[in-house]
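Throughout, read-outs are computed from the coordinates displayed, never taken from laboratory work. This is a predicted model, so every value here is computed, not measured. No Cβ is skipped: glycine too gets one built from the backbone with ideal geometry, and neighbour counts run over all protein chains shown.
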Amino acid sequence: MVPDLTSTSAWLALLDHSRIAGAWQMRDLFSKDPQRFERLSLACCDLLLDYSKNRLDGDTLELLLALARERGIEQQRAAMFSGSKINTTEQRAVLHTALRAPREAATAIDGRPVAPQIHEVLDRMGDFTARVRDARWLGYSGRPITDIVNIGIGGSDLGPKMACQALRAFHHPRLRAHFVSNVDAHDLDAVLHQVEPETTLFIIASKTFTTMETMMNAHTARAWFLQRGSEAALASHFVAVSTNTDAVQAFGIDIANMFPFWDWVGGRYSVWSAIGLSLALMIGAERFREFLDGGFAMDRHFCSAPLAANMPVLLALVGIWNRNFLHTASQSIAPYHQDLRHFPAFLQQLEMESNGKRVTLDGRALEAASCPVVWGDTGTNGQHAYFQLLHQGCDTIPVDFIAALRPAHALQAHHSALLANCFAQSEALMLGKSAAQVHAELQRQGVPETAIPELVAHKTFPGNRPSNTILLEALTPATLGALVALYEHKTFVQGVIWGVNSFDQWGVELGKVLATRIQSELAGQDNPDPLAHDSSTANLIARARKAAGKTG
Ligand code: F6P
């Protein structure tokens, strides 16, 4: 039985400490310690993490590290990497890290090494992607493939979509990638209007191959294709990525065109598996290997660096400090890189599906808050939308700023402006602007003394608002791999501290079951039993039936 988090000695010590630290002003911490940045930042894998703009000091970190040790981070980390079945509610190992390890890695599940099967699939992916990219894999009319359409949702969409966008600078010039996830056919329809059946390759990506949205989109795409291509031509245009061989065959895809993965790869951790096929097609197998290598480099750092100099551990602990001791309820992600625009959505699934839990591994109610709400958008766009609230709203919302030092374009002036804004935002959140400063400024501007008091309150910034900054040398396959693995391990460490199962997602099931019933009620000829639902749901169903022309 895992001991209660809130009765551990480390937790109680942190609680005491937070009563003092809660009143600290970061600007004082910076002026007292000129070495604060050196002390509270670290670099690895071509990433720099600056966590100095948080309301903490060395003592806080010591206490947080004691908490990490008391919660058994090192033991749990070893358990995950060694293939133990740490996903206890599904009796599954959690081995996405094995997907990026080299061929000779010895990891095994139930005594069976996993590297041979992983590398067999990687080799097949390498062969397939080379054939498509070199125009040796052709469409039914003999033309090369120009469009890749990945049909998947959740982890079978967000990872490859995010990574394909992030690595746009490395795309094959002939290929375009499209991602269809929503059962709302506006999604699929928009893509089908941009592509030709004879030059399009559909990847049906689904771990289970039963997910309603993906299956519906896949069947519709198949029917669309068959309006022009023949059944025999399907083999050149539909491939599958799944763990479910039977369902793939039942759909009509030859297993020769199926790229498997395994139940020990969670959906939100699957971009490293064959779920990354669209990415491998767009950037090529070598670059895909660099992406895996970047993740592997972060794994090695995570497993070998002391906790006090361990990037994922520190990122996680800063998050725990903010969430549990400074009581922040949400976490904003601000990539100052347009090509990372899908990164906040990717992290939303990674963190919220993993740690959005309210019971411990052994089923007891959590006594401390777990995952904050994760959200965000690119800078500088967010600055002109919601940053007002970040600076002057009632809630303190920590921000992770993410930027690359070197851009993939030659427009250096734009890049300097982008970075200037990124750094200015974290500085402004930290420093704020006092009432006295505002007052003096208004006086300098010649504002009449009588008008000043009313304006001062509006123009004052409280400051002392925490942020991390993550700087990549450049956005490359390797640094992207390291960045994704950094957040995966941050999520893992936080899950261990909270004592939750970060690898199941039962919370998505109830809505799926109810939707199946309502779907048949919307489609059926007979009026559904009005007592089968609450009055709100029953009336919503009735209105949708009426709009669809169902009367009786
Ligand atoms: O509904 C949630 C979920 O199970 C995610 O965890 C998963 O990434 C997504 O659905 C898609 O599942 P699949 O890959 O099996 O289609």
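A few comments on the model shown:
- Using the average count of surrounding beta-carbon atoms within 10 Å as a protection proxy, the listed peptides 530-541, 314-325 rank, highest first, as 314-325, 530-541.
- Magnitude of the charge dipole for segment 114-283, about its Cα centre and with charges confined to Cβ atoms of Lys, Arg (+1) and Asp, Glu (-1), is about 440 debye.
- Computed from backbone phi, the HN-Hα couplings of segment 469-482 come to 10, 10, 10, 9, 4, 7, 8, 10, x, 5, 6, 5, x, 5 Hz, rounded to whole numbers (Karplus: 6.51 cos²θ - 1.76 cosθ + 1.60, θ = phi - 60°; Gly and Pro given as x).
- Sequence-distant contacts, meaning Cα pairs under 8 Å at least 6 residues apart, place the relative contact order of the chain at 19 percent.
- Helical content alone sets the calculated 222 nm signal of the chain at -13500 deg cm²/dmol, taking -39,500 (n - 2.57) per DSSP H segment of four or more residues and averaging over every residue.
- Within the straight-line cut-off of under 18 Å between alpha carbons, the lysines reachable from residue 459 are 433, sequence neighbours fewer than 8 places apart in one chain being disregarded.
- Gained length - residue 441 relative to residue 417, 0.36 nm times residue gap less alpha-carbon distance: 6.1 nm
- For segment 8-87 versus segment 445-483, the inter-centroid distance based on Cα atoms is 23 Å.
- Centre-to-centre, using Cα atoms only, segment 350-405 and segment 499-526 are separated by 25 Å.
- Size of charge dipole - the chain - debye, nearest 20, with Cβ of Lys, Arg +1 and Asp, Glu -1, no other charges: 460
- Theoretical gain in end-to-end length, residue 196 to residue 255 [0.36 nm per residue, Cα-Cα removed]: 18.8 nm
- Among 259, 525, 235 the positive-end extreme of the charge dipole of the chain (Cβ point charges): 235
- In the structure shown, the pairs 357/490; 53/357; 490/512 are assessed against 24 Å; a Cα-Cα span above that value is assigned to 53/357; 490/512.
- Alpha carbon centroid spacing (whole Å) that separates segment 275-301 from segment 111-156: 14
- Label-reachable residues, segment 524-552, where backbone N falls under 19 Å from a point 7 Å from residue 517's Cα toward its Cβ: 524-545
- Using a simple spin-label model with pseudo-atoms 7 Å out from Cα toward Cβ, residue 473 and residue 546 lie 6.4 nm apart.
- Taking θ as phi - 60° and the Karplus parameters 6.51, -1.76 and 1.60, the scalar couplings of segment 291-302 work out to 4, 4, 4, x, x, 5, 4, 5, 4, 5, 4, 4 Hz in sequence order, x denoting glycine and proline.
- For the chain, the longest principal axis of the C-alpha atoms and the axis of helix 509-523 are separated by about 50°.
- Relative contact order of segment 114-283, defined on C-alpha pairs under 8 angstrom at six or more residues apart (%): 31
- Note on residue 69 and residue 308: the extension gain reaches 85.0 nm, defined as 0.36 nm multiplied by sequence separation minus the Cα-Cα distance.
- Simple spin-label estimate for residue 366 and residue 246 in nanometres, 7 Å along Cα-Cβ: 3.6
- The distance between label points at residue 219 and residue 82 comes to 4.6 nm (points 7 Å beyond Cα on the Cα→Cβ vector).
- Applying 1/(1 + (r/R0)^6) with R0 = 60 Å to the Cβ-Cβ distance of residue 410 and residue 526 gives a FRET efficiency near 0.40.
- Qualifying lysines (Cα of each under 18 Å from Cα of residue 161; at least 8 residues distant if same chain): 207
- For the chain, with +1 on Lys and Arg beta carbons and -1 on Asp and Glu, the positive-most of 342, 93, 544 along the dipole: 342
- Rounded FRET efficiency, nearest 0.05, which uses the C-beta distance separating residue 394 from residue 451 and R0 of 35 Å: 0.85
- Among 349-358, 404-413, the peptide with the highest mean count of other Cβ atoms within 10 Å heads the list, and the full ranking is 349-358, 404-413.
- Fraction of alpha-carbon pairs over 33 Å apart in the chain - percent: 48
- Integer Hz, Karplus 6.51/-1.76/1.60 couplings in order for segment 436-448, x for Gly and Pro: 5, 4, 5, 4, 4, 5, 5, 4, 4, 7, x, 5, x
- Sorting the segments 437-448, 330-341 by their residues' average number of neighbouring beta-carbon atoms within 10 angstrom, most packed first, yields 330-341, 437-448.
- When the charge dipole of segment 1-109 is built from unit charges on Cβ atoms (+1 for Lys and Arg, -1 for Asp and Glu) and taken about the Cα centre, the candidate among 54, 41, 76 whose Cα reaches farthest toward its positive end is 76.
- Nonlocal amide H pairs with residue 402, under 5 Å, H built at 1.01 Å: 334, 336, 470
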